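K.L.:
Pasting in a structure now, in structure tokens, and then I'll have a few things to ask.
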Amino acid sequence: MGKTVLKINLVTAIFVASFFNAQLFRTKDRADNLEGFDDQKFSYGFFLAGNNFDYKLVLDPKFGMDGQKNLVQTKSSYSFGAGLIGKMRLNENFDIRFEPGLQFVEREIMFDTQSNDQYAAGTPANQPFTPRTLTDADKLRTVKSTYVDLPLLIEVHGDRWYNSRPYAAAGVNWMMNLQSNSKAADDNQQGMFRTTASNFAWSAEVGIQFYFSRFKLTPGFRGTFMMNDEMVSDNAETPPYWTSAIATGKTRALMFVLKFE
């Protein structure tokens, strides 16, 4: 999937670059495109996104660390998303944007926590347990997520320079994870990694808006950072090989978005 997303981004970049000469740098006898487009009170569109999602983990110093060694590692992956755009004009320089979308995500978490056998007699943080030899399947969790992403952004933009305009935006997101498994009775002892269903995040974005004769194209980069801990603890009787090793886990994502209005 990663190679596919990279290919899509490369083709998109070539597509955008091919218009630069005609739309930006050839200024002689050229009329501005969509001159009254941004004067509308409301406008609409859609977006496509290539994403890189990862977890930012804070490890438990007892169960998640062995001296200076981190016992839990994550591996990010490239994915994709799509959604709709609704814009309300505030004034010449500010807009409010609501951009509901779906983000399809897959990540890996690796647990090298066999050394937690030393706590089998029990500690104040966990019950006594019978050590088990962790298999490759026990050590690797592939976490699939489908986020319903509902960001509300305030956009500030500069003045148009011919058929382009820079912008920056920031706001907050509510993100519902449709594959959270948060209410499942099984946990990591049965191979089920659980996360929270309802989450809150903040986002920041920068990019350039390009005006063509029939539409506005906006390539931009967005960072999204979860504010709440997404980890759902394993059941009390489960050995501390998995979520006990993680103090907090929060999503962080970098997105390349293409907006069409």
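K.L.:
Tell me, what are the semi-axes, in whole angstrom and largest first, of the equivalent ellipsoid of the chain as set by the roots of 5 times the Cα gyration tensor eigenvalues?
P.N.:
They are 46, 18, 14 Å, listed from largest to smallest.
K.L.:
Right, next: To make sure I understand, if each residue's beta carbon is the centre and we count other beta carbons within 10 Å, what order do Tyr119, Tyr55, Tyr147 fall in, fewest to most?
P.N.:
With the fewest neighbours first, Tyr119, Tyr55, Tyr147 line up as Tyr119, Tyr55, Tyr147.
K.L.:
Any idea what angle helix 2-20 forms with the longest principal axis of the chain, computed on alpha-carbon atoms, 0 to 90 degrees, nearest 10?
P.N.:
20 degrees
K.L.:
Can I ask one more? Considering Cα pairs under 8 angstrom that are at least six residues apart, work out the relative contact order of segment 129-184 and quote it in whole percent.
P.N.:
Once divided by the residue count of segment 129-184, the mean separation gives 37 percent.
K.L.:
Okay, next question. Counting other C-beta atoms within 10 Å, which of Trp174, Trp242 has the fewest, and how do the rest follow?
P.N.:
Starting with the residue having the fewest Cβ neighbours, the order is Trp174, Trp242.
K.L.:
I need the phi-derived Karplus couplings for segment 150-159: 6.51 cos²θ - 1.76 cosθ + 1.60, θ = phi - 60°, integer Hz, Gly and Pro marked x.
P.N.:
10, x, 10, 10, 9, 10, 10, 9, x, 6
K.L.:
What's the local net charge at Leu254, with K and R +1, D and E -1, over the other residues with C-beta under 13 Å away?
P.N.:
Neighbour charge sum, excluding Leu254 itself: +1.
K.L.:
If you don't mind, another one. For the chain, set up a GNM with springs between Cα atoms under 10 Å and report which of Asn173, Asn33, Asn91 has the largest fluctuation.
P.N.:
Of the options given, Asn91 has the highest mean-square fluctuation.
K.L.:
Next question. Suppose a student asked you for the relative contact order of segment 93-192, using Cα pairs under 8 Å spaced at least 6 residues apart; what percent would you report?
P.N.:
33 percent
K.L.:
I would also like to ask the following. List the aspartates and glutamates whose alpha-carbon lies under 14 Å from that of Lys183, not counting same-chain residues fewer than 8 positions away?
P.N.:
Glu230, Asp234
K.L.:
Then there's this: Please turn the phi angles of segment 111-126 into ³J(HN,Hα) values with the Karplus equation 6.51 cos²θ - 1.76 cosθ + 1.60 (θ = phi - 60°), one per residue in order, whole Hz, x for glycine and proline.
P.N.:
For segment 111-126, the Karplus-derived couplings read 10, 9, 10, 4, 5, 5, 4, 5, 9, 4, 6, x, 9, x, 9, 8 Hz, x marking Gly and Pro.
K.L.:
Next up: Using modelled backbone amide H atoms (1.01 Å from N, in-plane), which distant-in-sequence or interchain residues come within less than 5 Å of Glu108's amide H?
P.N.:
Counting only residues 5 or more places away or on other chains, the set is Lys75, Val143.
K.L.:
Hey, which of these cross-link pairs are over 24 Å Cα-Cα: Lys69/Lys139; Lys69/Lys250; Lys56/Lys139?
P.N.:
none
K.L.:
Let me ask you something else. Which whole-Hz ³J(HN,Hα) couplings does segment 229-241 yield from phi under the Karplus relation 6.51 cos²θ - 1.76 cosθ + 1.60, θ = phi - 60°, glycine and proline marked x?
P.N.:
6, 8, 6, 9, 5, 5, 4, 4, 7, 7, x, x, 8
Bear in mind these aren't lab numbers, they're just calculated from the coordinates by the rules spelled out. All figures in this text were calculated on a predicted structure; none of them were measured in a lab. So basically every Cβ, Gly included, is an ideal-geometry build from the backbone, and we count neighbours across all protein chains shown.
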